[in-house]
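All remarks here apply to the structure that follows.
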Amino acid sequence: MLNPRRFWELVVIVIGISSAGYIALRTIGPRLGLPFAGFIGGFVSATATIGSMGTRAARDHGLFRACVAGAVLTSIATIAQMVVVLSAVSVSTMRALSLPLLFGGISAVGYGVFFLRDAAKEKGGEPTQQGRAFSLKSALLFAGTLFSIIFFSAAAAHWLGTRGLILSAGIAGFADTHSAAISVAALVKSGKITANDAVVPILTGLTTNTATKGVVVGIAGGKRLFWNILPGLVLLVLSAWAGLLVP
């Protein structure tokens, strides 16, 4: 079962990402600093990074476009990290998922570049207020929400085991798409399933994790941020699944 220590790890991650965004904001400037922080933070926790960008966007409307770009660029990190972890666990699984991840990666890059250019063109670009590096209250609230998702997802996935691999990977994906992918790829490596059998469960985990990101960004950043980021999330998922249609 999930260790409660994970909750405080999430709090530290959220504070770290928020602080990194603040430092990038002050040193590079908001137009490029926040997108850069979003991309790098995506390798640590894309969901936490999106939540952090949403919180900042809701707090300072003058940084809205830069926060959108930062949140969108986390998707590129998600795909890149997926390639790395799958290659490390099972090369055959990575090969089986090469086209879905390629298609998803291209869509993420395209959508991310669009908003990055939009942020760069933004007039002025100075924040309306300097604010603090992070909000402990916001970090605790967000970590509590994400911890709850992780807890129930882990419990459900543990109960299902390999009896329903697709459902199990999908539930685990709500918490972390990479952990779900690693678990499935490990089954391939051990010879329990084939690489082709792993494709749909891993993509299901990616889909449910993307749904989690949508919920998080809506809660943290409000409707405006949600509707700006949602098309990119949907496009990534549809592009990844479309990769299965290529012979």
In region 100-115, is there at least one residue being modelled with pLDDT under 85 and over 14 Å from the mean Cα position of the chain (by Cα)? yes
Unmet requirement for Gln81, which otherwise passes all of (1) under 19 Å from Ala172 (Cα atoms); (2) of a type outside the set (D, E, K, R); (3) modelled with pLDDT under 85; (4) more than 11 Å from the chain's Cα centre (by Cα): (4)
Residue in region 171-178 that is crowded, with 19+ Cβ neighbours inside 10 Å, closer than 25 Å to Gly205 by Cα and modelled with pLDDT under 60 present: no
Among all residue pairs at least 6 apart or on different chains, which show Cβ distances below 7 Å where the first residue, located in region 234-247, is over 13 Å from Met82 (Cβ atoms) and the second is aromatic (Phe, Trp, Tyr)? Leu235/Tyr111; Ser239/Phe103; Ala242/Phe103
Note down all Cβ pairs under 8 Å where the first residue falls in region 196-222 and is more than 13 Å from Ala240 (Cβ to Cβ), the second is of a type in the set (Phe, Trp, Tyr) and buried (at least 16 other Cβ atoms within 10 Å of the Cβ), and they're at least six residues apart or on different chains. Ala211/Phe174; Thr212/Phe174; Gly214/Phe226; Val216/Phe142; Val217/Phe226; Gly218/Phe226; Ala220/Phe142
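Taking the stated definitions as given, is Gly70 surrounded by fewer than 17 Cβ atoms within 10 Å (Cβ to Cβ), at pLDDT 85 or above and under 19 Å from the mean Cα position of the chain (by Cα)? Steps first, answer last, please.
On the way: surrounded by fewer than 17 Cβ atoms within 10 Å (Cβ to Cβ): no; at pLDDT 85 or above: yes; under 19 Å from the mean Cα position of the chain (by Cα): yes.
Taking the combined requirement at face value, the residue does not satisfy it.
Which residue out of Ala143, Ala58, Ala46 is at pLDDT 70 or above, in a helix (DSSP H, G or I), farther than 26 Å from Ala240 by Cα and of a type in the set (Gly, Ala, Ser)?
Details: Ala143 fails: at pLDDT 70 or above; Ala46 fails: farther than 26 Å from Ala240 by Cα.
Only one candidate qualifies: Ala58.
Can you tell me which residue among Gly205, Gly243, Gly214, Gly222 is assigned to a helix (DSSP H, G or I) and either surrounded by 23 or more Cβ atoms within 10 Å (Cβ to Cβ) or not small (Gly, Ala, Ser) (or both)?
Details: Gly243 fails: either surrounded by 23 or more Cβ atoms within 10 Å (Cβ to Cβ) or not small (Gly, Ala, Ser) (or both); Gly214 fails: either surrounded by 23 or more Cβ atoms within 10 Å (Cβ to Cβ) or not small (Gly, Ala, Ser) (or both); Gly222 fails: either surrounded by 23 or more Cβ atoms within 10 Å (Cβ to Cβ) or not small (Gly, Ala, Ser) (or both).
Answer to the selection: Gly205.
The values are calculated or read from the model by the stated rules, or taken from the named source; none is laboratory data. If you're wondering where the values come from, they're calculated on a predicted model, not measured in any experiment. Counting neighbours? That spans all protein chains shown, and the Cβs are built from the backbone with ideal geometry, glycine included.
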